[in-house]
There are 2 protein chains.
Amino acid sequence: MTIVTAQLSVSLDGCYAGPLQSDPRDWLNGAEAAGFFRVTRWVIDAQAWRERQGISGGERSVNSDIVAEQFASAGAYVMGRRMMDGGEVPWGDEPPFRAPVFVVTNRPKNVLPREGGTSFTYVTDGVASAVDLARAAANGKNVAIAGGGSLVRRALGLGLLDELELHIVPVVLGDGLRLLTPELGLGSKEGIDLTPIRVLETPTVTHVKYRVEGRSELVLDNRGRDGS
Amino acid sequence: MTIVTAQLSVSLDGCYAGPLQSDPRDWLNGAEAAGFFRVTRWVIDAQAWRERQGISGGERSVNSDIVAEQFASAGAYVMGRRMMDGGEVPWGDEPPFRAPVFVVTNRPKNVLPREGGTSFTYVTDGVASAVDLARAAANGKNVAIAGGGSLVRRALGLGLLDELELHIVPVVLGDGLRLLTPELGLGSKEGIDLTPIRVLETPTVTHVKYRVEGRSELVLDNRGRDGS
């Protein structure tokens with residue numbers, strides 16, 4: 001059964017990168033990249049990620065197994081425009097996705113076919129529509145919201161996500177681009193409930209996979225005063 | 001050996017309460033309380049917490065064991081003034097601490113002795129001084145930063161914490177009082193490194209205990225391109 005998943009590496013304070021670097025030509029010199037590199041270092045160190053990129057080395061580890069699982073379970077991807085812009089050149093002729101990728105954008109553009117099973121299709125009528133297209137293309141596998149963080153947040157806020165896996169890296173950045181912000185549009189006494197369905201512990205990252213249950217009202221309890 | 005610890009229940013987005021309720025007389029009706037009650041519900045449900053408050057019922061569970069461990073390991077507490085103001089009346093004649101509590105405040109006040117081993121000593125020269133006093137009073141047990149969140153943040157920012165345990169509750173609040181904020185005063189390419197030393201998984205909360213390693217510079221890696 002196709003479900004819609006997302007996974008993101010975040011710092012202990014919930015940032016997937018440092019503070020926004022407004023000039024993309026200077027991205028590597030900014031704090032945004034420094035934070036992003038720090039929270040994704042475990043991925044770079046994983047053998048399964050390197051294999052997909054045609055890079056030797058890396059660790060065979062729980063972390064690597066998780067990367068392999070993500071690639072194996074995704075039948076199609078949904079991606080934000082900013083992530084696509086940043087990745088288009090470095091991903092090269094044979095991007096690591098090996099599946100159809102639907103890019104959410106305001107600017108229409110022709111499909112970009114690539115080698116190895118990847119294609120980039122531009123979708124201009126919103127993330128829900130891109131998810132529908134990806135679902136139809138996923139061939140029974142999962143639809144993975146590939147990122148960036150703001151697209152994952154939008155999908156969560158719209159109730160489109162079935163599962164969210166956070167790779168919680170033991171570092172505090174203090175400031176940066178956060179996954180979970182007021183832009184989710186929750187009411188002042190409203191939350192999104194989740195259930196942890198898998199926790200995997202490693203020295204460099206704690207992986208927590210959640211099932212997304214949906215929005216619910218926050219209610220006061222009686223702080224145990226009636227003994228019940 | 002005495003170490004300085006802190007633990008806090010937080011939402012998946014790192015909030016220990018909803019957005020600040022500026023009128024304390026209306027606290028229970030505000031979003032701050034609604035968020036605080038939600039993320040601390042697991043504590044109220046724990047048998048060990050209820051026993052300390054003289055309340056019957058509650059669950060014997062991993063969660064309860066963690067509450068019991070916290071009480072047993074603390075030889076003295078350091079507390080913020082706002083938490084003390086909110087707790088002074090409800091804690092009553094025999095507060096649950098059963099140990100000396102040092103309250104960080106700007107307003108000098110006489111020591112408040114209480115039954116059952118608790119006393120409240122007001123400290124006006126800062127959190128580091130309060131930690132020193134608590135260390136001397138802890139009798140070989142740990143110094144626990146009891147909260148609230150802003151005091152835990154200050155202790156972390158000042159490098160006073162040896163361990164931080166987060167009880168990560170599977171709910172997204174969207175907005176609220178955050179533990180880890182820019183007020184930590186980190187540089188733009190600086191992080192605080194931690195090491196997860198214990199992860200305990202329950203359906204209602206994921207407990208992750210970290211050793212605090214200290215500040216370090218965020219550095220770029222080569223994204224695996226040299227194969228190393």
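Worth a mention:
- Note on the range B:69-104: residues that are of a type in the set (A, V, I, L, M, F, W, C) and either within 20 Å of B:A17 (Cα to Cα) or more than 15 Å from the chain's Cα centre (by Cα) (or both) amount to 8.
- Qualifying residue in the range B:11-21 (condition: of a type outside the set (G, A, S), without any contact (Cβ under 8 Å) to a residue 40 or more places away in the chain and more than 7 Å from every other protein chain (Cβ to nearest Cβ)): yes
- Checking B:P170 against (1) surrounded by fewer than 19 Cβ atoms within 10 Å (Cβ to Cβ); (2) of a type outside the set (F, W, Y); (3) farther than 30 Å from A:E51 by Cβ; (4) touching a Phe, Trp or Tyr at 6+ places or on another chain (Cβ under 9 Å), the condition it does not meet: (1)
- So B:V208, is it outside any loop (DSSP other than H, G, I, E, B), of a type in the set (V, I, T) and either over 21 Å from B:G147 (Cβ atoms) or facing another protein chain (nearest Cβ under 7 Å) (or both): yes
- Scan of the range B:186-218 for residues that are without any contact (Cβ under 8 Å) to a residue 12 or more places away in the chain and among the hydrophobic types (A, V, I, L, M, F, W, C), ordered by number: B:V199
- Qualifying positions in the range B:136-149 - under 18 Å from the mean Cα position of the chain (by Cα) and either modelled with pLDDT under 95 or surrounded by 18 or more Cβ atoms within 10 Å (Cβ to Cβ) (or both): B:A138, B:N142, B:V143, B:A144, B:I145, B:A146, B:G147, B:G148, B:G149
- Selection from the range A:1-25 of residues that are at pLDDT 95 or above and over 17 Å from A:V127 (Cβ atoms): A:S9, A:V10, A:S11, A:L12, A:D13, A:G14, A:C15, A:Y16, A:A17, A:G18, A:P19, A:L20
- Filter result for the condition that a residue is in a strand (DSSP E or B) and either modelled with pLDDT of 95 or more or surrounded by 21 or more Cβ atoms within 10 Å (Cβ to Cβ) (or both), over B:L161, B:L200: B:L200
- Unmet criterion (only one of (1) of a type in the set (D, E, K, R); (2) outside any loop (DSSP other than H, G, I, E, B); (3) buried (at least 22 other Cβ atoms within 10 Å of the Cβ)) for A:D13: (2)
- Looking only at the range B:89-100, and only at residues there that are more than 14 Å from every other protein chain (Cβ to nearest Cβ) and surrounded by 14 or more Cβ atoms within 10 Å (Cβ to Cβ), the one that is nearest to B:Y122 (Cα to Cα): B:P100
Yes or no, residue by residue, for (1) buried (at least 17 other Cβ atoms within 10 Å of the Cβ); (2) more than 30 Å from A:A136 (Cβ to Cβ):
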{"residue": "A:D26", "(1), (2)": "no, yes"}
{"residue": "A:A31", "(1), (2)": "yes, yes"}
{"residue": "A:G57", "(1), (2)": "no, yes"}
{"residue": "A:N63", "(1), (2)": "yes, yes"}
{"residue": "A:G86", "(1), (2)": "no, no"}
{"residue": "A:F102", "(1), (2)": "yes, no"}
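- All conditions in (1) touching a Leu at 6+ places or on another chain (Cβ under 6 Å); (2) under 30 Å from B:S188 (Cβ atoms); (3) buried (at least 23 other Cβ atoms within 10 Å of the Cβ); (4) not basic (K, R) hold for A:G176, with the sole exception of (1).
- Members of the range B:178-191 that are under 16 Å from A:E32 (Cα atoms) and within 7 Å of chain A (Cβ to nearest Cβ): B:P182, B:L186, B:S188, B:K189, B:G191
- Lone unmet requirement of (1) buried (at least 21 other Cβ atoms within 10 Å of the Cβ); (2) on the phi > 0 side of the Ramachandran plot for B:R50: (2)
The values are calculated or read from the model by the stated rules, or taken from the named source; none is laboratory data. Fair warning: this is a prediction, and the values are worked out from it, not measured in the lab. FYI the Cβ positions are ideal-geometry reconstructions off the backbone, even for glycines, and counts take in every protein chain you see.
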